[in-house]
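Novice: Please find one structure pasted underneath; my questions will follow.
The values are calculated or read from the model by the stated rules, or taken from the named source; none is laboratory data. Please read all numbers here as calculations on a predicted model, not as lab measurements. A quick note on method: Cβ atoms are made from the backbone with ideal geometry, for glycine too, and the neighbour counts reach across all protein chains shown. Keep in mind that these areas ignore ligands, DNA and RNA; they rest on the heavy atoms of the full protein, side chains included. Shrake-Rupley method; radii C 1.70, N 1.55, O 1.52, S 1.80 Å.
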Amino acid sequence: MTQRIQSIVIVGGGTAGWLTAGIIAARHQGRMQAGFTVTLIESPNVPIIGVGEGTWPTLRSSLQKMGVSETEFFRHCNAAFKQGASFARWTTGADDDAYYHPLMLPQGFTQVNLAPHWLGEHSGRTFCEAVCPQGRLCDDGLAPKMITTPEYQAVANYAYHLDAGKFAGFLQQHCTAKLGVRHVLADVTKVNQSEQGDIRSVDTQQAGEISGDLFVDCTGFAALLLGKTLGVPFKDCGDVLFCDAALALQVPYETPDTPMASHTISTAQSAGWIWDIGLPTRRGTGYVYSTRHSTDDEAHDTLMRYLGPQHAHLTPRKIPIRSGHRATFWKNNCVAIGLAAGFLEPLESSAIVLTELSAKLIAEQLPANREVMDIVAARFNDVTHYRWGRIIDFLKLHYVLTQRTDSAFWKDNVDPGTIPDRLKNLLHLWKYQSPWFFDEFDRLEEVFPAASYQYVLYGMGFRTEVAPGDNVGTRTLAAKLMNDNVAMTRQLRSQLPKNRDLMKKIFEYGLQPI
Ligand SMILES: Cc1cc2nc3c(=O)[nH]c(=O)nc-3n(C[C@H](O)[C@H](O)[C@H](O)COP(=O)(O)OP(=O)(O)OC[C@H]3O[C@@H](n4cnc5c(N)ncnc54)[C@H](O)[C@@H]3O)c2cc1C
């Protein structure tokens with residue numbers, strides 16, 4: 001019980017497995033000489049899911065801490081910039097119905113909440129346009145930085161779009177060559193437990209028995225360790241988030257110079273929504289839909305109509321989704337990360353960021369020995385439950401604010417019985433006060449900060465009542481910040497290169513390493 005935790009065994013070699021391996025190994029490099037090991041076991045027969053192309057800005061610091069060159073990452077993962085997402089047809093379904101959820105915070109976000117000022121005095125422009133330049137940068141197809149901006153640094157905040165299959169391979173190469181992660185290509189056939197229920201070892205078909213002190217279940221939807229072996233049940237969220245299938249399709253560009261959006265384009269349909277992601281050599285697209293509200297054939301037709309007749313020969317791949325998560329994430333000496341922990345739906349790219357945050361929490365809080373592991377596990381479960389709950393609220397927010405009544409999917413989504421109580425309360429509160437720092441957004445490393453809620457709420461036409469006189473004290477500062485935003489938008493639009501042009505330069509010359 002008091003022996004040091006020295007050997008971490010990760011089962012699964014998808015995005016979750018390799019990110020976890022890299023984050024833990026990078027954090028504990030100093031202990032490697034003293035016998036600390038990170039082993040990743042990956043089946044040569046079970047393929048990774050190979051989707052998951054939208055990320056969150058946290059990935060920049062995760063990769064940087066792992067010692068990854070950003071230029072090499074762009075080149076090997078067919079990666080590109082992501083400056084947020086646009087949401088078309090989510091509110092009314094009309095042709096001109098669109099708003100942005102950018103990755104930049106509103107101007108002066110830590111000094112003053114601009115939302116009440118925009119609501120009271122400046123609502124001639126969209127909220128996003130009034131408070132931050134990024135929507136206009138996306139409209140213009142601009143990159144978030146210049147070729148002279150060093151690796152990982154931003155002019156406008158950004159995350160990435162990437163090729164999920166290539167990303168796992170790239171991380172594998174980096175983790176094994178640079179961080180000392182041991183890679184075992186083998187099928188886990190049996191999980192061996194001690195009398196107390198801890199996992200002692202796993203039997204593999206190709207590499208015999210592998211033992212460890214802490215096991216990380218990254219086996220994807222199979223959840224072989226935490227779900228199947230330790231029997232932690234799955235908590236279904238399908239009554240809140242209805243989408244339970246996706247048709248994914250990679251779409252070639254017409255020419256190599258076709259402009260490439262630097263944001264995810266999310267277009268609502270009658271039974272779900274379509275994602276459209278621009279990578280340097282292709283687009284990644286897919287229709288996420290509810291099988292209760294659409295047949296697979298209807299979904300197929302919807303996706304193909306969106307893509308146009310020139311892509312009619314392509315065949316999408318169907319991926320079933322079970323929206324939900326494990327009832328607990330760390331039990332005994334086993335913790336689940338990635339799809340093994342759960343999955344809600346692709347909206348707002350919340351899965352990979354949750355993997356990063358979970359891996360970071362394990363790396364930072366790694367229990368010294370088995371005796372204190374349950375204390376760390378309880379903390380981990382508390383934080384992770386909170387995060388899943390907040391993400392469910394945030395995703396549902398996109399659906400409950402709709403005014404669409406053109407299909408059962410949208411009508412069912414606003415049924416109060418499908419809205420979590422916490423979200424209901426917040427929506428009630430936000431009628432009278434705009435979300436900002438004090439609005440429960442008090443946890444360190446909140447996945448979606450108050451600014452994200454503001455962009456979605458006001459982008460979708462929600463209005464907060466501003467008390468007369470409430471803005472007087474900060475009116476001058478708010479007006480200055482909004483004017484600064486106009487000037488900054490003008491400057492960035494004249495300064496930043498086109499997204500496609502910058503990607504070409506990065507592929508050719510690279511960014512300056514820092
Ligand atoms: C349609 C769709 C769209 C998505 N879009 C996004 C997005 O835009 N952004 C985002 O953040 N996330 C997205 N996700 C989620 C994202 O794909 C996953 O979070 C991510 O790929 C991590 O997957 P994973 O590593 O947990 O699982 P997987 O990729 O499934 O990997 C599982 C691993 O476990 C191994 N394994 C399984 N059984 C065994 C065994 N018995 N022995 C040994 N090894 C075994 C497999 O070989 C594999 O290596 C999306 C998911 C779906 C379904």
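Novice: Okay, which of the range 29-68 sit inside 19 Å, backbone N to the point 7 Å along the Cα-Cβ direction of Gln6?
Specialist: Only 29-40 fall inside the zone, counting backbone N under 19 Å.
Novice: Further question on the same structure: In whole Hz, what ³J(HN,Hα) sequence does the range 175-182 give by Karplus (6.51, -1.76, 1.60; θ = phi - 60°), x for Gly and Pro?
Specialist: 5, 7, 7, 10, 10, x, 6, 8
Novice: Could you report the accessible area of Asp297 in Å², rounded to 10, computed with a 1.4 Å probe on the protein chains as they sit in the structure?
Specialist: 120 Å²
Novice: With +1 on each Lys and Arg Cβ and -1 on each Asp and Glu Cβ, how big is the dipole of the chain about its Cα centre, in debye rounded to the nearest 20? Please report the intermediate quantities before stating the final value.
Specialist: Details: 48 positive and 52 negative charges, 179 e Å.
The calculation lands at about 860 debye.
Novice: Taking a temperature of 10 °C and a viscosity of 1.306 mPa s, what whole-number D in µm²/s does Stokes-Einstein yield for the range 455-514 with Rh from Kirkwood over alpha carbon pairs? Present the calculation step by step, with values, prior to reporting the outcome.
Specialist: Values: Rh = 15.7 Å.
Approximately 101 µm²/s, per Stokes-Einstein.
Novice: Would you mind checking the range 214-235 for residues with the amide N under 17 Å from a putative spin-label position 7 Å along Cα→C-beta of Ser194?
Specialist: 214-216, 230
Novice: Turning to a different aspect of this structure: What number do you get for the range 241-367 when its Cα radius of gyration is normalised by 2.2 N^0.38 Å, N = residues? Intermediate results must be reported in sequence, preceding the final value.
Specialist: On the way: Rg = 17.4 Å, N = 127, 2.2 N^0.38 = 13.9 Å.
With N residues counted in the range 241-367, Rg over 2.2 N^0.38 Å equals 1.25.
Novice: Here is a follow-up. Could you point to the residue in Ala16, Gln403, Ile391 farthest towards the positive end of the chain's charge dipole, with +1 and -1 charges on the Cβ of Lys/Arg and Asp/Glu respectively?
Specialist: In the chain, that residue is Ala16.
Novice: Here's something else I'd like to know. Evaluate E = 1/(1 + (r/R0)^6) for Gln206 and Thr476, where r is the Cβ-Cβ distance and R0 equals 60 Å; express this FRET efficiency to the nearest 0.05.
Specialist: That pair, Gln206 with Thr476, gives E of 0.30.
Novice: So, one more: Give me the three principal axis extents of the range 403-514 from the C-alpha atoms, as integers in angstrom, largest value leading.
Specialist: Per principal axis, max minus min of the Cα coordinates gives 54, 44, 34 Å.
Novice: Would you list the P(r) distribution for the range 314-389, with all Cα-Cα distances sorted into 10 Å bins from 0 and each bin expressed as a whole %?
Specialist: 17, 48, 23, 9, 3, 0
Novice: Considering every Cα-Cα pair within the range 37-184, what fraction, in whole percent, is farther apart than 20 Å?
Specialist: Everything past 20 Å amounts to 60 percent.
Novice: Keeping the other protein chains in place, figure out the carbon and sulfur percent of the accessible area of the range 413-514, with a 1.4 Å probe.
Specialist: Working: 3120 of 5720 Å².
Of all accessible area on the range 413-514, carbon and sulfur atoms account for 55 percent.
Novice: While we're here: Considering only the other residues whose Cβ falls under 14 Å of the Cβ of Asn157, what net charge follows from Lys and Arg at +1 and Asp and Glu at -1?
Specialist: Local charge sum for Asn157: +3.
Novice: Still on this structure: Given points 7 Å out from each Cα along the Cα-Cβ axis, report the Phe437 to Thr291 separation in nanometres with one decimal.
Specialist: Going by the 7 Å Cα→Cβ label model, 4.7 nm.
Novice: Once Lys and Arg get +1 and Asp and Glu get -1 on their Cβ, which of Met66, Val447, Gly220 lies farthest toward the positive end of the dipole of the chain?
Specialist: Met66
Novice: Can you work out the accessible area per residue across the chain, with the rest of the protein chains kept in place, probe 1.4 Å, in square angstrom?
Specialist: I get 41 Å² per residue for this part.
Novice: Okay, moving on. Ignoring solvent entirely, what values of log10 I(q)/I(0) come out of the Debye formula for the range 289-349 at 0.28 Å⁻¹ when each Cα is a single scatterer?
Specialist: Result of the Debye calculation: -1.19.
Novice: Report the one residue of Gly50, Gln33, Leu241 whose Cα lies farthest in the direction of the positive end of the charge dipole of the chain (charges on C-beta: Lys and Arg +1, Asp and Glu -1; origin at the Cα centre).
Specialist: Ranked along the dipole, the leading option is Gln33.
Novice: Once you place label points 7 Å from the Cα toward the Cβ at Lys504 and Gln111, how far apart are they in nm?
Specialist: Inter-label distance under the simple model: 4.0 nm.
Novice: If the chain between Asp187 and Ile319 were fully stretched, how many nm would it gain, using 0.36 nm times the residue separation less the Cα-Cα distance?
Specialist: On the way: separation 132, 0.36 × 132 = 47.52 nm, distance 2.27 nm.
That pair, Asp187 and Ile319, stretches by 45.2 nm at full extension.
Novice: Using a simple charge model, +1 on the beta-carbon of Lys and Arg, -1 on the beta-carbon of Asp and Glu, nothing else, what dipole does the range 252-377 show about its Cα centre, in debye to the nearest 20? Intermediate results must be reported in sequence, preceding the final value.
Specialist: Values: 11 positive and 13 negative charges, 65 e Å.
Dipole about the Cα centre, nearest 20: 320 debye.
Novice: Provide the net charge surrounding Gly17, with neighbours chosen by a C-beta distance below 10 Å and charges set as Lys +1, Arg +1, Asp -1, Glu -1.
Specialist: Neighbour charge sum, excluding Gly17 itself: -2.
Novice: If I model a spin label as a point 7 Å beyond the Cα along the Cα-Cβ vector, how far apart are those points for Glu446 and Met32 in nm?
Specialist: Using points 7 Å along Cα→Cβ, the separation is 3.7 nm.
Novice: Which pairs, out of Lys396/Lys431; Lys228/Lys318; Lys82/Lys318; Lys145/Lys504; Lys228/Lys331, put more than 20 Å between their alpha-carbon atoms? Provide the component values of the computation, followed by the final result.
Specialist: Details: Lys396/Lys431 17 Å; Lys228/Lys318 24 Å; Lys82/Lys318 25 Å; Lys145/Lys504 13 Å; Lys228/Lys331 13 Å.
Long pairs (Cα-Cα over 20 Å): Lys228/Lys318; Lys82/Lys318.
Novice: If you roll a 1.4 angstrom probe over the protein chains with everything in place, what fraction of the accessible area of the range 231-386 belongs to carbon and sulfur, to the nearest %?
Specialist: Values: 3200 of 5820 Å².
Carbon plus sulfur share of accessible area: 55 percent.
Novice: Continuing with this model, one more query. Just subtract the alpha-carbon distance of Asp139 and Gln310 from 0.36 nm times their residue separation and send over the number in nm, one decimal. Each step should come with its number before you reach the end.
Specialist: On the way: separation 171, 0.36 × 171 = 61.56 nm, distance 2.49 nm.
Length difference between fully extended and current span is 59.1 nm.
Novice: Continuing with this model, one more query. What percent does the relative contact order of the range 6-86 come to when contacts are Cα pairs within less than 8 Å and at least six residues apart?
Specialist: Numbers: 58 pairs, mean separation 26.5, N = 81.
This gives 33 percent for the range 6-86.
Novice: Sticking with this one: Would you pull out the residues with amide H under 5 Å of Gly286's amide H, same chain only if 5 or more places away, H placed 1.01 Å from N?
Specialist: Leu249, Trp275
Novice: I want to make sure I understand the PRE zone here: with the label point 7 angstrom from the Cα of Ser407 toward its beta carbon, which residues in the range 240-277 have backbone N atoms less than 11 Å away?
Specialist: Residues 268-274 fall inside that zone.
Novice: Same structure, new question: Quick one: what does P(r) look like for the range 246-304 with 10 Å bins over all Cα pairs, in whole %?
Specialist: 25, 47, 23, 5
Novice: Let me see the pair-distance distribution of the range 130-253: every alpha carbon pair, 5 Å bin width, integer percents in order.
Specialist: 2, 7, 10, 12, 13, 13, 12, 12, 8, 6, 4, 1, 0
Novice: I would also like to ask the following. What dipole magnitude, in Debye to the nearest 20, does the range 302-369 give about its Cα centre under +1 on Lys/Arg Cβ and -1 on Asp/Glu Cβ? Can you show the working numbers first?
Specialist: Values: 7 positive and 4 negative charges, 66 e Å.
Approximately 320 debye in magnitude.
Novice: Please give the helix 350-365 orientation as an angle from the longest Cα principal axis of the chain, in degrees from 0 to 90, rounded to the nearest 10.
Specialist: 50 degrees
Novice: Another question about this same structure. Over the range 84-185, what percent of the accessible surface lies on carbon and sulfur atoms, probe 1.4 Å?
Specialist: On the way: 1710 of 3590 Å².
Exposed carbon and sulfur together represent 48 percent of the surface.
Novice: Hey, how much of the P(r) for the chain falls beyond 42 Å, as a percent of Cα pairs? All intermediate terms of the calculation are to be shown ahead of the outcome.
Specialist: Working: 24408 of 131841 pairs.
Value for the chain (Cα pairs over 42 Å): 19 percent.
Novice: Here is a follow-up. Report the antiparallel proportion of the DSSP beta bridges in the chain as a percent, rounded to a multiple of 5.
Specialist: Working: 51 of 71 bridges.
Beta bridges within the chain, antiparallel portion: roughly 70 percent.
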